[in-house]
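Reading through the structure tokens given below for one structure.
The values are calculated or read from the model by the stated rules, or taken from the named source; none is laboratory data. No experiment lies behind these values; they were computed from the predicted model shown. As a convention, Cβ positions derive from the backbone with ideal geometry for all residues, glycine included, and neighbour counts pool all protein chains shown.
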There are 2 protein chains.
Amino acid sequence: MSQSSSDDCVAAVDIGGTNLRLALARVHDSNPAGAIVARSSGSVVGIREPANIVDIIRTGVDDLLKQASIPRSALKAIAAGAPGITDVDTGVVIVTSYLLGWRDVPLRALLQESLGIPAAVDNDVKLAALGESWAGAAVGTSDFVFIAIGTGVGAGIVLDGRPFRGTGWTAGEVGYMLLPGLPADPAPRGKPGALEGVLGGEGIQSQWRSRWSESVTSLPRDLNATAIFDHALSGDALAQTILAQSARMLASAIYNISLVLNCSLFVLGGGVGTHPALREAARVLLSSWGTRVQPRLIASTLGADAQLFGAIRLALNTAKHAVVCRMDSSPRG
Amino acid sequence: MSQSSSDDCVAAVDIGGTNLRLALARVHDSNPAGAIVARSSGSVVGIREPANIVDIIRTGVDDLLKQASIPRSALKAIAAGAPGITDVDTGVVIVTSYLLGWRDVPLRALLQESLGIPAAVDNDVKLAALGESWAGAAVGTSDFVFIAIGTGVGAGIVLDGRPFRGTGWTAGEVGYMLLPGLPADPAPRGKPGALEGVLGGEGIQSQWRSRWSESVTSLPRDLNATAIFDHALSGDALAQTILAQSARMLASAIYNISLVLNCSLFVLGGGVGTHPALREAARVLLSSWGTRVQPRLIASTLGADAQLFGAIRLALNTAKHAVVCRMDSSPRG
């Protein structure tokens with residue numbers, strides 16, 4: 001049986017549509033915040049081929065090991081979050097958005113083959129929820145919903161302390177939710193959901209551009225969502241209109257999710273979702289609607305690192321499981 | 001230790017807004033369909049006082065025991081479904097609709113006191129889901145959503161084979177769901193949800209009345225929901241309009257629930273929900289929307305008995321639990 005050493009570590013990957021983040025974390029550090037020993041980040045714009053992404057991951061992990069003076073043999077497992085629907089059992093990324101354009105990519109097998117260690121994969125938003133549950137805003141809460149609002153909108157649901165995935169791995173795909181003020185028919189599969197058009201970062205930007213005129217605001221025509229929300233706080237009327245619309249959509253989505261799950265905690269993550277103005281406006285509206293259990297809205301505390309922390313947690317589980325399996329299959333006596 | 005005998009039975013109660021159903025079921029019959037040995041039903045219109053309802057239950061159970069020639073001592077437990085939000089842990093019905101008008105009624109304690117046997121209580125729609133899972137349309141399915149559409153609209157969610165209840169016992173209160181075509185703000189607490197206004201029985205009736213005129217249809221102005229759906233199948237244009245609207249709302253609600261839970265099976269129950277025209281029209285719409293996992297819509301097979309079968313199942317669990325507890329606390333040796 002192999003001995004574990006204090007060098008033992010795992011690798012975590014967050015594959016985004018434009019960026020790839022990597023981290024090494026020690027197995028023997030029970031404090032999540034202190035677990036990361038090295039990390040890196042780089043652009044993957046224009047790189048879509050799974051084999052190329054896996055090469056970037058392998059090279060990146062080797063660089064981090066060198067940087068931290070950890071021998072390759074101490075790397076026990078790797079876990080990766082992918083921006084798409086992911087079959088956790090088979091380790092296959094079923095489909096991603098157009099940025100990566102993946103279909104049925106056996107990511108776990110590719111990682112295992114390339115790095116020669118046990119691997120695990122999951123959807124990035126589900127991993128972000130796991131991260132918040134292990135090391136972030138939802139520590140100690142067994143039931144909550146993590147809503148990621150960036151370019152897209154999606155949810156990671158944790159019930160009884162475990163990620164809830166659904167029959168076809170798509171539980172939490174709330175960016176397609178049908179709500180008052182949105183079209184009566186959902187967007188076709190593959191196209192962004194209507195909710196993303198008024199709550200996602202690019203949707204908010206284009207709402208701003210389409211309503212913008214020099215007579216309405218002195219602000220520039222090109223502003224991103226968080227800048228628009230900042231200007232709403234400073235009193236710009238058009239920015240306030242956009243904020244109110246986004247907040248209403250967010251509150252409506254949370255209200256509907258609450259009707260189904262009756263969860264008391266929603267953690268808001270992503271570049272747009274963590275903006276305090278959006279959260280506060282949604283909170284006020286939800287409070288005026290008076291649900292039986294008023295859900296608490298809080299911001300992600302891990303921010304852009306939520307997925308990465310979730311991937312670390314998953315990699316730690318994978319390493320532990322691999323050790324147990326090795327022990328089970330080792331000769332007795 | 002008390003001996004169990006072949007006479008051992010449990011009592012099940014379905015407390016409706018206007019009707020109360022009772023059943024006696026044998027403990028030692030593993031076949032749910034054959035379990036019921038006696039049953040009765042009676043109006044409770046105008047009777048709201050919990051003590052009076054409990055008296056009616058006690059008298060009714062005694063009558064059934066006599067009728068089945070079963071001694072009172074053979075009655076091992078009772079379970080009741082209440083039409084309102086119910087705290088299963090404390091056995092308290094927190095709130096019901098205006099028909100009963102209950103608030104914080106300790107129904108379990110009242111039943112235990114009156115009948116002198118272990119009792120359990122639950123929400124009626126949750127029990128209907130349990131019934132379908134044990135003896136109806138969802139046998140063998142560990143994850144499904146039961147949607148009851150009668151006067152009101154509500155859902156019972158079963159995940160991993162167990163009822164999912166949420167933090168405040170209100171998971172599945174989908175009658176308040178916000179959908180395109182409905183008001184942007186939900187109905188205040190205590191008032192019927194907007195979805196019930198276009199999908200619930202009374203809502204459909206009043207939709208019909210408000211659009212009815214002699215020039216539009218040759219049908220009478222007073223028709224109930226199922227009659228309206230029947231006439232839609234026979235070609236009446238106004239009835240078809242009403243059916244299409246209700247089916248769109250049902251499909252939208254199922255779509256939104258599916259985005260959250262990604263459940264592959266929906267069982268439709270209740271007087272309105274079991275109508276084949278509604279189910280088929282909703283199915284066609286959902287199919288045209290093309291979700292990743294197309295949820296299957298099927299009709300409740302227990303119909304109006306779903307709640308009662310759920311209550312039997314709960315009473316059987318309660319009787320079993322009580323025996324285990326007695327054995328645990330009985331003197332050793």
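At-a-glance table
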quantity: Qualifying residue in the range B:35-43 (condition: assigned to a helix (DSSP H, G or I), touching a residue at least 12 places away in the same chain (Cβ under 8 Å), within 15 Å of B:Ala12 (Cα to Cα) and charged (D, E, K, R)); calculated: no
quantity: Test for B:Arg21: is it touching a Leu at 6+ places or on another chain (Cβ under 9 Å), outside any strand (DSSP E or B) and within 21 Å of B:Glu113 (Cα to Cα); calculated: no
quantity: Selection from the range B:51-101 of residues that are under 26 Å from B:Phe164 (Cα atoms) and small (Gly, Ala, Ser); calculated: B:Ala77, B:Ala79, B:Ala80, B:Gly81, B:Ala82, B:Gly84, B:Gly91, B:Ser97, B:Gly101
quantity: Tabulated pairs, the range A:132-145, first away from chain B (no Cβ under 14 Å), second polar (S, T, N, Q), C-beta under 8 angstrom, 6+ apart or interchain; calculated: A:Glu132/A:Ser300; A:Glu132/A:Thr301; A:Ser133/A:Thr141; A:Gly136/A:Ser300; A:Gly136/A:Thr301; A:Ala137/A:Ser300; A:Ala137/A:Thr301; A:Val139/A:Ser133
quantity: Flag for B:Leu110 being within 14 Å of chain A (Cβ to nearest Cβ), more than 30 Å from B:Ala227 (Cα to Cα) and either surrounded by fewer than 17 Cβ atoms within 10 Å (Cβ to Cβ) or modelled with pLDDT of 95 or more (or both); calculated: no
quantity: Where A:Val95 falls short, out of the listed (1) closer than 19 Å to A:Ala306 by Cα; (2) within 14 Å of chain B (Cβ to nearest Cβ); calculated: (1)
quantity: Filter result for the condition that a residue is more than 13 Å from chain A (Cβ to nearest Cβ) and either in contact (Cβ under 8 Å) with a residue 12 or more places away in the chain or basic (Lys, Arg) (or both), over B:Ile149, B:Ile157; calculated: B:Ile149
quantity: Tally of residues being over 17 Å from B:Ile94 (Cβ atoms) and within 8 Å of chain A (Cβ to nearest Cβ) across the range B:162-187; calculated: 12
quantity: Conditions (1) in contact (Cβ under 8 Å) with a residue 40 or more places away in the chain; (2) surrounded by 23 or more Cβ atoms within 10 Å (Cβ to Cβ): number failed by A:Ala194; calculated: (1)
quantity: Residue check, B:Leu199 in contact (Cβ under 8 Å) with a residue 40 or more places away in the chain, within 28 Å of B:Leu238 (Cβ to Cβ), surrounded by 24 or more Cβ atoms within 10 Å (Cβ to Cβ) and within 10 Å of chain A (Cβ to nearest Cβ); calculated: no
quantity: Flag for A:Val44 being among the β-branched types (Val, Ile, Thr) and out of contact with any helix residue (DSSP H, G or I) (no Cβ under 6 Å at 6 or more places or on another chain); calculated: yes
quantity: Scope the range B:82-94; condition touching a residue at least 60 places away in the same chain (Cβ under 8 Å) and not charged (D, E, K, R); matching residues; calculated: B:Ala82, B:Pro83, B:Ile85, B:Thr86, B:Val88, B:Ile94
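One line per residue, one yes/no per condition, for (1) crowded, with 18+ Cβ neighbours inside 10 Å; (2) out of contact with any strand residue (DSSP E or B) (no Cβ under 9 Å at 6 or more places or on another chain); (3) more than 23 Å from A:Val153 (Cα to Cα):
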position	(1), (2), (3)
A:Ala23	yes, no, yes
A:Pro32	yes, no, yes
A:Val37	yes, no, yes
A:Ser40	no, no, yes
A:Thr59	no, yes, yes
A:Arg72	no, yes, yes
A:Asp87	yes, no, no
A:Thr96	yes, no, no
A:Leu100	yes, no, no
